[in-house]
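Peer 1: What follows is a single structure, and I will ask about it in a moment.
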Amino acid sequence: MHFRLCLLTTIIFGTFASTTAGPLHAQCKVEWFFGIPCNDVFIALVTQIKQWTTADNCAHGGEKCLYKLESADVHFIKAKHTTPVKKYVDDLTFRLLPYPANTNCHVIALSVSEAWYAILDYGTNYCNLFNLVEGSGLNQSPGYKEVTNDFICTQHSTANCTIY
Ligand SMILES: *[C@@H]1O[C@H](CO)[C@@H](O)[C@H](O)[C@H]1NC(C)=O
(Lines give C-alpha, C1' and ligand atoms only; values in the text may rest on other atoms or scores of the structure.)
Protein backbone atom coordinates (compact mmCIF):
# COMPACT_ATOMS: atom_id res chain seq x y z
CA MET A 1 0.00 0.00 0.00
CA HIS A 2 2.67 2.47 1.08
CA PHE A 3 4.98 1.35 -1.67
CA ARG A 4 2.37 1.87 -4.35
CA LEU A 5 1.49 5.32 -3.05
CA CYS A 6 5.14 6.27 -2.99
CA LEU A 7 5.67 4.96 -6.52
CA LEU A 8 2.63 6.88 -7.75
CA THR A 9 3.92 10.07 -6.13
CA THR A 10 7.27 9.56 -7.81
CA ILE A 11 5.65 9.07 -11.19
CA ILE A 12 3.42 12.13 -10.79
CA PHE A 13 6.21 14.34 -9.52
CA GLY A 14 8.62 13.10 -12.16
CA THR A 15 6.13 13.80 -14.92
CA PHE A 16 5.30 17.21 -13.48
CA ALA A 17 8.95 18.21 -13.11
CA SER A 18 9.91 17.14 -16.59
CA THR A 19 6.96 18.82 -18.30
CA THR A 20 7.48 22.14 -16.58
CA ALA A 21 11.23 22.47 -16.96
CA GLY A 22 12.07 20.36 -20.01
CA PRO A 23 14.30 17.29 -19.76
CA LEU A 24 15.95 16.88 -16.33
CA HIS A 25 19.26 16.36 -18.12
CA ALA A 26 20.43 18.51 -21.04
CA GLN A 27 19.42 16.66 -24.18
CA CYS A 28 17.47 17.07 -27.39
CA LYS A 29 15.25 14.76 -29.37
CA VAL A 30 14.18 15.99 -32.78
CA GLU A 31 12.38 14.31 -35.67
CA TRP A 32 12.81 15.30 -39.28
CA PHE A 33 10.89 14.34 -42.39
CA PHE A 34 12.60 14.53 -45.79
CA GLY A 35 11.10 13.85 -49.21
CA ILE A 36 14.32 12.17 -50.37
CA PRO A 37 15.62 8.60 -49.85
CA CYS A 38 17.43 7.72 -46.60
CA ASN A 39 20.57 6.90 -48.57
CA ASP A 40 20.83 10.57 -49.65
CA VAL A 41 20.20 11.77 -46.08
CA PHE A 42 22.80 9.32 -44.78
CA ILE A 43 25.47 10.56 -47.24
CA ALA A 44 24.67 14.24 -46.53
CA LEU A 45 24.95 13.83 -42.74
CA VAL A 46 28.13 11.74 -42.81
CA THR A 47 29.80 14.11 -45.30
CA GLN A 48 28.96 17.11 -43.10
CA ILE A 49 30.25 15.41 -39.92
CA LYS A 50 33.55 14.65 -41.70
CA GLN A 51 33.88 18.23 -42.99
CA TRP A 52 33.51 19.59 -39.46
CA THR A 53 35.94 17.23 -37.71
CA THR A 54 38.80 19.65 -37.09
CA ALA A 55 38.71 22.85 -35.02
CA ASP A 56 39.49 25.05 -38.07
CA ASN A 57 35.87 25.86 -38.80
CA CYS A 58 35.44 27.36 -35.30
CA ALA A 59 38.42 29.73 -35.58
CA HIS A 60 35.95 32.63 -35.59
CA GLY A 61 33.55 31.16 -33.02
CA GLY A 62 30.47 28.97 -33.28
CA GLU A 63 30.13 25.23 -32.72
CA LYS A 64 30.41 23.89 -36.28
CA CYS A 65 33.53 21.86 -35.61
CA LEU A 66 34.91 19.01 -33.49
CA TYR A 67 32.39 16.41 -34.66
CA LYS A 68 33.61 12.83 -34.60
CA LEU A 69 31.98 9.99 -36.52
CA GLU A 70 31.76 6.86 -34.38
CA SER A 71 29.81 4.51 -36.64
CA ALA A 72 27.57 4.87 -39.64
CA ASP A 73 25.26 2.87 -41.84
CA VAL A 74 22.13 3.84 -43.74
CA HIS A 75 19.93 3.04 -40.72
CA PHE A 76 21.97 4.44 -37.83
CA ILE A 77 24.65 7.08 -37.38
CA LYS A 78 26.56 7.61 -34.14
CA ALA A 79 28.82 10.61 -33.50
CA LYS A 80 30.22 12.86 -30.80
CA HIS A 81 30.45 16.63 -30.62
CA THR A 82 32.86 18.51 -28.37
CA THR A 83 32.25 22.18 -27.59
CA PRO A 84 35.36 24.10 -28.74
CA VAL A 85 35.81 26.28 -25.64
CA LYS A 86 34.62 24.26 -22.64
CA LYS A 87 35.25 20.81 -24.17
CA TYR A 88 31.87 19.42 -23.14
CA VAL A 89 31.12 16.19 -24.99
CA ASP A 90 27.67 15.37 -26.35
CA ASP A 91 26.61 12.00 -27.81
CA LEU A 92 24.64 12.11 -31.06
CA THR A 93 22.56 9.42 -32.72
CA PHE A 94 20.47 9.49 -35.89
CA ARG A 95 17.98 6.72 -36.68
CA LEU A 96 16.97 6.72 -40.36
CA LEU A 97 13.68 5.14 -41.36
CA PRO A 98 12.35 4.88 -44.94
CA TYR A 99 8.88 6.26 -44.16
CA PRO A 100 6.23 6.29 -45.46
CA ALA A 101 8.03 4.85 -48.50
CA ASN A 102 11.57 4.30 -49.80
CA THR A 103 11.39 7.71 -51.51
CA ASN A 104 11.16 9.44 -48.11
CA CYS A 105 13.17 9.45 -44.91
CA HIS A 106 12.06 9.96 -41.32
CA VAL A 107 14.96 10.71 -38.98
CA ILE A 108 14.86 10.48 -35.19
CA ALA A 109 17.88 12.33 -33.81
CA LEU A 110 19.10 12.54 -30.23
CA SER A 111 21.87 14.58 -28.61
CA VAL A 112 22.69 13.95 -24.94
CA SER A 113 25.25 15.80 -22.83
CA GLU A 114 27.72 13.44 -21.18
CA ALA A 115 28.04 15.75 -18.16
CA TRP A 116 25.36 14.38 -15.80
CA TYR A 117 25.02 17.75 -14.01
CA ALA A 118 24.18 19.68 -17.17
CA ILE A 119 20.54 20.76 -16.98
CA LEU A 120 20.63 23.89 -19.14
CA ASP A 121 22.62 23.93 -22.37
CA TYR A 122 21.42 27.14 -24.11
CA GLY A 123 20.27 25.00 -27.01
CA THR A 124 23.64 23.36 -27.65
CA ASN A 125 22.17 19.86 -27.98
CA TYR A 126 19.60 21.11 -30.50
CA CYS A 127 22.25 23.00 -32.49
CA ASN A 128 24.54 19.91 -32.48
CA LEU A 129 21.85 18.22 -34.58
CA PHE A 130 20.37 21.13 -36.53
CA ASN A 131 23.74 22.55 -37.64
CA LEU A 132 24.43 19.30 -39.55
CA VAL A 133 21.04 19.46 -41.28
CA GLU A 134 21.49 23.12 -42.18
CA GLY A 135 25.17 22.81 -43.12
CA SER A 136 24.47 19.94 -45.52
CA GLY A 137 21.48 21.77 -47.01
CA LEU A 138 19.08 19.00 -45.92
CA ASN A 139 16.70 21.63 -44.54
CA GLN A 140 16.24 22.82 -48.15
CA SER A 141 15.20 19.39 -49.40
CA PRO A 142 11.62 18.78 -50.59
CA GLY A 143 9.08 17.95 -47.91
CA TYR A 144 11.40 19.06 -45.09
CA LYS A 145 9.64 19.19 -41.74
CA GLU A 146 11.00 19.40 -38.18
CA VAL A 147 9.17 18.22 -35.07
CA THR A 148 10.39 18.96 -31.54
CA ASN A 149 9.59 21.16 -28.53
CA ASP A 150 11.09 22.39 -25.25
CA PHE A 151 9.82 19.34 -23.31
CA ILE A 152 11.96 16.91 -25.29
CA CYS A 153 14.66 19.34 -26.42
CA THR A 154 16.39 21.53 -23.83
CA GLN A 155 15.88 25.25 -24.54
CA HIS A 156 14.94 24.59 -28.16
CA SER A 157 12.73 27.68 -28.53
CA THR A 158 15.48 30.07 -27.45
CA ALA A 159 18.40 28.34 -29.19
CA ASN A 160 20.56 30.55 -31.42
CA CYS A 161 22.55 28.16 -33.62
CA THR A 162 24.67 31.01 -35.01
CA ILE A 163 26.47 30.97 -31.65
CA TYR A 164 25.82 27.39 -30.44
C1 LIG B 1 22.09 34.97 -32.91
O2 LIG B 1 23.39 35.40 -32.60
C3 LIG B 1 24.00 36.19 -33.62
C4 LIG B 1 25.45 36.45 -33.22
O5 LIG B 1 25.54 37.03 -31.96
C6 LIG B 1 23.18 37.46 -33.82
O7 LIG B 1 23.76 38.23 -34.84
C8 LIG B 1 21.75 37.08 -34.20
O9 LIG B 1 20.96 38.24 -34.28
C10 LIG B 1 21.15 36.13 -33.17
N11 LIG B 1 19.87 35.66 -33.66
C12 LIG B 1 18.77 35.69 -32.90
C13 LIG B 1 17.54 35.14 -33.54
O14 LIG B 1 18.75 36.10 -31.75
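The values are calculated or read from the model by the stated rules, or taken from the named source; none is laboratory data. Computed from a prediction, not measured in an experiment: that's the story for all the values here. Every residue, glycine as well, gets a Cβ built from its backbone with ideal geometry; the counts of neighbours run over all protein chains shown. Surface accessibility is based on the protein's heavy atoms, side chains included, excluding ligands, DNA and RNA. Shrake-Rupley method; radii C 1.70, N 1.55, O 1.52, S 1.80 Å.
Peer 1: Treating only the Cα positions of segment 39-164 as identical point scatterers, give the base-10 log of I(q)/I(0) from the Debye formula at each q in 0.11, 0.12, 0.16, 0.19 Å⁻¹.
Peer 2: -0.35, -0.42, -0.76, -1.09
Peer 1: Hey, another quick one. Between ASN160 and ILE108, what length comes free when the chain is fully extended (0.36 nm per residue of separation minus the Cα-Cα distance, one decimal in nm)? Don't jump to the answer; show the numbers that get you there.
Peer 2: Values: separation 52, 0.36 × 52 = 18.72 nm, distance 2.12 nm.
Here the answer is 16.6 nm.
Peer 1: Oh, and also: Can you give the local net charge around ILE77? Use residues other than it whose beta-carbon is closer than 10 angstrom to its beta-carbon, Lys and Arg +1, Asp and Glu -1.
Peer 2: 0
Peer 1: Counting only C-alpha contacts under 8 Å and six or more residues apart, can you give the relative contact order of segment 25-158 as a whole percent?
Peer 2: Numbers: 293 pairs, mean separation 48.2, N = 134.
Relative contact order comes out at 36 percent.
Peer 1: Could you provide, to the nearest whole Å², the per residue accessible area of segment 25-158 with probe 1.4 Å? Spell out each step's value before the answer.
Peer 2: Numbers: 6780 Å² over 134 residues.
About 51 Å² of surface per residue is accessible.
Peer 1: Expressed in nm to one decimal, what extension gain is obtained for the pair GLU70 and GLN140 from 0.36 nm per residue of sequence separation less their Cα-Cα distance? Can you show the working numbers first?
Peer 2: Working: separation 70, 0.36 × 70 = 25.20 nm, distance 2.62 nm.
This chain segment gains 22.6 nm when fully extended.
Peer 1: Further question: Divide by every residue of the chain the summed helix terms, -39500 (n - 2.57) for each DSSP H run of at least 4, and state the resulting mean residue ellipticity at 222 nm, rounded to the nearest 500 deg cm²/dmol.
Peer 2: Values: 3 runs with 46 residues, N = 164.
Using -39500 (n - 2.57) per qualifying helix, the result is -9000 deg cm²/dmol.
Peer 1: Label 7 Å along Cα→Cβ of TYR88; segment 145-164 residues with amide nitrogen under 20 Å?
Peer 2: Hits in segment 145-164 for TYR88 at 20 Å: 149-164.
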